[in-house]
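None of the figures in this text is laboratory data; all of them are computed from the coordinates on show. Please read these numbers as outputs of a predicted model, since none were measured by experiment. Counting neighbours? That spans all protein chains shown, and the Cβs are built from the backbone with ideal geometry, glycine included.
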Amino acid sequence: MSTQIETLIEEWERAKLGAQDYLDAMPEEGFAFQPVPEVLSFAGQFLHLSYANYRFAAVGANSPAAQLNEGPADKNPELQSKAATTAYTLAAYDYMIAAIKAMDPATLDEEVLFVRWTLPRRVVLAKGLEHQVHHRGQAAVYFRLQGIKPPLEKLF
């Protein structure tokens, strides 16, 4: 039977593979695509979820990342290309996975303040998974609007 830490690592590794599939499947020109001006571009969706992954790691795994000092990644013009978005995104997943691996399992039930909620660390890490799935789900529509079939979800 897996420990809670092992389960979290497995889930974040699976999530990374799902993100990688999406990033690989979108052509370079699709990274700038925005269905309407009020929403993030395809690159912006992944840069947002990746920057948030660093925030979730900072609180959930007690592992503050230097990337948080750089400001929201989706606002950084240097990160908008396929190569830069992919590198930033995969690095954020790797950071989260390494932070969880370094955790003391006894801290998973520690209550921490995340934004305006007090939650156990394990819940913060689970909310991080939920958040990235939400944005990857939004990105699926971007494929369809460009006539591209999105990659299949990796549920297991």
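Output the number of the condition that ILE97 fails; it satisfies all remaining conditions of (1) in a helix (DSSP H, G or I); (2) free of Cβ contacts under 8 Å to residues at least 40 places away in the same chain.
That leaves (2) as the condition not met.
If I filter the range 67-86 for residues that are under 22 Å from PRO150 (Cβ atoms), assigned to a helix (DSSP H, G or I) and touching a Lys or Arg at 6+ places or on another chain (Cβ under 9 Å), do I get at least one hit?
The answer is no; no qualifying residue exists.
With the checklist (1) touching a residue at least 24 places away in the same chain (Cβ under 8 Å); (2) outside any loop (DSSP other than H, G, I, E, B); (3) over 17 Å from PHE143 (Cα atoms) in hand, flag the one item SER63 doesn't pass.
Exception for SER63: condition (2).
Give just the number: which of (1) crowded, with 16+ Cβ neighbours inside 10 Å; (2) under 15 Å from ARG122 (Cα atoms); (3) without any contact (Cβ under 8 Å) to a residue 60 or more places away in the chain; (4) not acidic (Asp, Glu) does ALA73 not satisfy?
The number of the failed condition is (2).
Answer yes or no as to whether THR107 is farther than 25 Å from ALA19 by Cα and surrounded by 14 or more Cβ atoms within 10 Å (Cβ to Cβ).
yes
So, of the residues in the range 12-60 that are small (Gly, Ala, Ser) and touching a Gly at 6+ places or on another chain (Cβ under 8 Å), which turns out to be farthest from ASP104 (Cα to Cα)?
Quick first cut of the range 12-60, residues small (Gly, Ala, Ser) only: 15, 18-19, 25, 30, 32, 41, 43-44, 50, 52, 57-58, 60.
Keeping just the survivors that are touching a Gly at 6+ places or on another chain (Cβ under 8 Å) gives 52, 57, 60.
Details: ALA52: 22, ALA57: 14, GLY60: 12 Å.
Result: ALA52.
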